[in-house]
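The values are calculated or read from the model by the stated rules, or taken from the named source; none is laboratory data. These figures come from a predicted structure and were not determined experimentally. Virtual Cβ from ideal backbone geometry, glycine too; neighbours counted across all protein chains shown.
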Amino acid sequence: MAQKAILNLVIALLFPLTAVPLIMTSTFVAGKAASYESYGHKGFDPKLYVDLSLKNDLSITIQEFHKLPRAENDSVPVRELASFIESHFGDAEEDLVHVKPVDFVPEPKDFLPKVKNPEVRAWALEVHSLWNNLSRKVSNGVFHRPDYHTLLPLKSPVIIPGSRFREVYYWDSYWVIRGLLASKMYETAKGIVYNLISLVDEFGYVLNGARAYYTNRSQPPLLSSMIIDIYSQTGDKDLVAKSLPALLKEHDFWSSGIHKVIIEDAEGSSHALSRYYAMWNKPRPESSTTDLETASKLSNTCEKKQLYREVASTAESGWDFSSRWMRDVFDLTTLATTSIIPVDLNAFILKMELDISSLAHSIGDYGTAKRFRKASEARKKAINSILWNAEMGQWVDYWLGSSNDVITLNVSSQNKKTFASNFVPLWIQPFRSDAKIVDKVISSLQSSGLVHPAGIATSLTDSGQQWDFPNGWAPLQHMIVEGLVRCGSEKARALAQDIAIKWIRTNYLAFKKTGTMHEKYDVRKCGDVGGGGEYTPQTGFGWSNGVVLAFLEEFGWPTDLKIECP
Ligand SMILES: OC[C@H]1O[C@H](O[C@H]2O[C@H](CO)[C@@H](O)[C@H](O)[C@H]2O)[C@H](O)[C@@H](O)[C@@H]1O
């Protein structure tokens, strides 16, 4: 915990520094007196600054910063600042060094046996080889002086998403691991899980990512999904035994305290569900200038603090940002994530409960197995009572009122808008048990307007945010496709295969055009990449690679099926 305190201090002290170059850049570009209304030029990324490491003790760095010459308006001239950063900070790339994964081979034995088409097979091997590019280990310097770095000293190598995302991310890792399993890289997959478990041991939950500035929140909880999938392919009971205590701790984090919400239904029965809620009410250090700019539209400090909490809680949801969390879809200051019961979060926690039950059973801990089976039944009842909308044939988010006490169910508080997250419950076994409901959900998906020529759109709203139309994201394609496959009907499998083929083709064409895999894609046209949001679109890219490999593993690719877009 001492280390966490030191790291938080580094961030708190670095934060004012990150704001300076933005203001000064605008001064420099204009070549005259600064306009203090500017929060940075287009393309400026504050994350770069919080990723730099200190060269000396923080106190010395701060003393030196205070000695810098100031302009009349008390700002530091941009050249002085640039040379200060050069002298006192190391490069952002130095903390993590490239490492070849121990279990990487260029063509693994039994790799994607159902992929027969030579062109697709060659590309799949290229995608597989990207694990090499994205593999990193924490440098010795970070272990030696953790207080000089915002990067957390994880022991095993990791797979990073890519580009500006230089560290391991929580929910991304699930799809990275799915790809690693297709690539037969079991040791790398286990190493990632052991790293995440070490975060639970230290902080009580898995952080958004392995940086000190991510300690105030988690991300969609998929640790149990990673463990159960690795276990089902390796049979490694040691992994199960070592991970169970962390899973119990993580379950407690998500089902109690600020994350827990109680709703009373029409019959007077109480249901416990969960929400996203970050432990932070300041600008996110990695996006400080963006958050300051957004909050500048509000005048009152209290409102600003609440907005910062909503922003960080939205980052906890993984859907940062989306009209899904906004009262006015074009105004980010109306984010209200802590006032929403998200359908996907509760589906993930239900899955966590089932996974814990089954993992505990596999190592003979029958008491825990029974307790979590019961917990999953209660959550299923809660989801079906509060979040199921029979008319739409979808499970939906629920808007909470302002009360912090027990809330009484009001059906009009369901969010009737269609998002890809409304179909995530299909991924979880108990929601596939009623054939009539499944049929209704499948028809609802087909007529929802979400299914496009290059995959499933995130929503129907073009808000300019990245988790909205027209972007399609690999994790959403995967959960919906795998959910459909597991429904067991021919109709569901055909729809799943159709979506998977579209997704593979768009990833393939974009790769051929740009030479890289992308973080998100535009589902309107095969081969187009996504956009919008607060940072420039990123490449690499961990979860996209993982989902392509997982889809090719499931569906294969016959020789006579064209990979080119129709
Ligand atoms: O720096 C801005 C935000 O960036 C991250 O979010 C996005 O990238 C993540 C890594 O691929 C992904 O997990 C998330 O779903 C994306 O929206 C980060 O996770 C945020 O916390 C951060 O504020």
Determine whether region 542-554 contains at least one residue that is more than 25 Å from Y170 (Cα to Cα), over 19 Å from the mean Cα position of the chain (by Cα) and either surrounded by fewer than 18 Cβ atoms within 10 Å (Cβ to Cβ) or away from the ligand (no atom under 16 Å from the Cβ) (or both).
no
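Can S447 be described as at pLDDT below 95 and away from the ligand (no atom under 16 Å from the Cβ)?
no
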I need a count of the residues in region 451-485 that are touching a helix residue (DSSP H, G or I) at 6+ places or on another chain (Cβ under 6 Å) and among the hydrophobic types (A, V, I, L, M, F, W, C).
9
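Matching residues to (1) outside any loop (DSSP other than H, G, I, E, B); (2) within 25 Å of F321 (Cβ to Cβ); (3) free of Cβ contacts under 8 Å to residues at least 60 places away in the same chain; (4) not polar (S, T, N, Q):
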residue: K417; (1), (2), (3), (4): no, yes, no, yes
residue: S421; (1), (2), (3), (4): yes, yes, no, no
residue: P425; (1), (2), (3), (4): yes, yes, no, yes
residue: F431; (1), (2), (3), (4): yes, no, no, yes
residue: K436; (1), (2), (3), (4): yes, no, yes, yes
residue: D439; (1), (2), (3), (4): yes, no, yes, yes
residue: S443; (1), (2), (3), (4): yes, no, yes, no
residue: W467; (1), (2), (3), (4): no, yes, no, yes
Taking region 200-229 and keeping only residues that are more than 12 Å from the ligand (Cβ to nearest atom), in a loop (DSSP other than H, G, I, E, B) and small (G, A, S), one is left with G204
From the list P566, P537, which one is over 28 Å from M226 (Cα atoms) and surrounded by fewer than 19 Cβ atoms within 10 Å (Cβ to Cβ)?
P566
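One line per residue, one yes/no per condition, for (1) farther than 20 Å from M479 by Cα; (2) acidic (D, E):
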residue: F348; (1), (2): no, no
residue: E353; (1), (2): no, yes
residue: S362; (1), (2): yes, no
residue: A382; (1), (2): yes, no
residue: W388; (1), (2): no, no
residue: D397; (1), (2): no, yes
residue: G401; (1), (2): yes, no
Please determine, by comparing only the residues of region 253-301 that are among the aliphatic types (A, V, I, L, M) and over 30 Å from V200 (Cα atoms), which one is surrounded by the fewest Cβ atoms within 10 Å (Cβ to Cβ).
A266
Residues of region 376-419 satisfying the condition of being touching a Gly at 6+ places or on another chain (Cβ under 8 Å) and either modelled with pLDDT of 95 or more or within 24 Å of W319 (Cα to Cα) (or both):
S413, T418
Taking M352 as meeting all but one of (1) part of a helix (DSSP H, G or I); (2) surrounded by fewer than 23 Cβ atoms within 10 Å (Cβ to Cβ), write down the number of the exception.
(2)
Suppose we keep only residues that are of a type in the set (K, R) and within 16 Å of the ligand (Cβ to nearest atom) within region 161-193. Which one would you say is surrounded by the fewest Cβ atoms within 10 Å (Cβ to Cβ)?
R164
Subset tally (residues that are of a type outside the set (V, I, T) and part of a loop (DSSP other than H, G, I, E, B)) for region 123-166
13
